Amino acid sequence: MLTILVANIKGGCGKTTVATHLAAASAAAGLPTALADVDRQRSSLGWLERRPEKAPALVGLDWAKDVSDAPRGTKRLVIDAPAALKTKQIEDLVKMADVIVLPVLPGAFDEQATQRFLGKLEELKSIAKHRKSVAVVGNRMRARTKAADRLDQFLGGIGHKVVTRLRDSQIYADSAASGLSLFDMPGKRAAEHRGDWGPLLAYIDAV
């Protein structure tokens, strides 16, 4: 089983969007997939409740209070972590993970929080010795804006692999409202935005 932790101590950076899309992509690829929600807001589980029966099946795990095992036969486990993680929580979740996906938004506050979180990760031996991979994802990127340019500069200087940049689009809010992802939706528009995810999925598959 490959375990993917989606985490950042900054709230509102798109962790749940990234986690649900990674889980949906795995399910669409035919891999038995579980989605664990560690956040007390249970946003990922709410998304699963809205998910149509015809969509590729996913198993939801409520980890807000206690961690439970994924069902036998699970090939992919995606963990949606809460913001403001304590050091012990970071250590425990990273220990479970094979790869850590870290979404970051354009903006000084998000960049500052992300830098602090990366500092905490780098204190862990598994990260410092490169035994576990950290994939940084630029989220809600708008081309040709000062914020996007600044984030590009920030991402280029943090010493971790920037795997992809996800464009800002209303399609993510639309899909979330229906319990879907870009990997469940037909049409040219969804296909164009799915292309942004290709490098991240390839990176995870390589792990």
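At-a-glance table
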quantity: Cross-link partners of Lys120 among lysines (Cα-Cα below 17 Å; sequence separation of 8 or more within a chain); calculated: Lys10, Lys86, Lys88, Lys95, Lys129, Lys132, Lys161
quantity: Value of relative contact order over the chain, rounded to a whole percent, pairs C-alpha under 8 Å and six or more apart; calculated: 26 percent
quantity: Rounded accessible area per residue of the chain, 1.4 Å, Å²; calculated: 50 Å²
quantity: Where labels lie 7 Å past Cα in the beta-carbon direction, separation of Ala191 and Lys95 in nm; calculated: 4.6 nm
quantity: Label-point gap, in nm, between Glu123 and Ala143 - each point 7 angstrom along Cα→Cβ; calculated: 4.1 nm
quantity: Calculated FRET value between Arg72 and Gln41, using beta carbons and R₀ = 30 Å, to 0.05; calculated: 0.55
quantity: In the range 102-178, the GluC sites (Glu not before Pro) that fall in loop regions by DSSP, at most 13 other Cβ within 10 Å; calculated: Glu123
quantity: Radius 11 Å from Cβ of Val38, net charge of other residues (Lys, Arg +1; Asp, Glu -1); calculated: -2
quantity: Peptides ranked, highest mean first, by Cβ atoms within 10 Å: ranges 88-101, 19-32; calculated: 19-32, 88-101
quantity: Accessible surface of the range 11-61 [probe 1.4 Å, protein heavy atoms]: carbon and sulfur percent; calculated: 48 percent
quantity: Positive minus negative residues near Val163 (Lys, Arg vs Asp, Glu; Cβ under 14 Å); calculated: -1
quantity: Calculated diffusion of the range 74-207, Stokes-Einstein form, Kirkwood radius summed over Cα pairs, 20 °C and 1.002 mPa s, µm²/s; calculated: 133 µm²/s
quantity: Listed residues Lys86, Lys146 arranged by accessible area, highest first, probe 1.4 Å; calculated: Lys146, Lys86
quantity: Mean Kyte hydropathy of 0.0 or more with a Cα span along the axis of at least 18 Å, helices from DSSP in the chain; calculated: 15-28
quantity: Mean ellipticity per residue at 222 nm, deg cm²/dmol - from DSSP H runs of n ≥ 4 across the chain, formula -39500 (n - 2.57); calculated: -13000 deg cm²/dmol
quantity: Inter-label distance for Lys86 and Arg131, nm, one decimal - labels placed 7 Å from Cα along Cα-to-Cβ; calculated: 2.5 nm
quantity: Whole-percent carbon and sulfur share, accessible surface of the range 83-131, 1.4 Å; calculated: 52 percent
quantity: Cleavage-rule hits (trypsin sites (Lys or Arg not before Pro)) in the range 1-70: DSSP loop, at most 13 neighbouring Cβ within 10 angstrom; calculated: Arg40, Lys54, Lys65
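The values are calculated or read from the model by the stated rules, or taken from the named source; none is laboratory data. All values derive from a computational prediction rather than experimental measurement. Using ideal geometry, Cβ is built from the backbone for each residue, glycine included, and neighbour counts are taken over all protein chains shown. Accessible surface areas use protein heavy atoms only, side chains included; no ligands, DNA or RNA. Shrake-Rupley method; radii C 1.70, N 1.55, O 1.52, S 1.80 Å.
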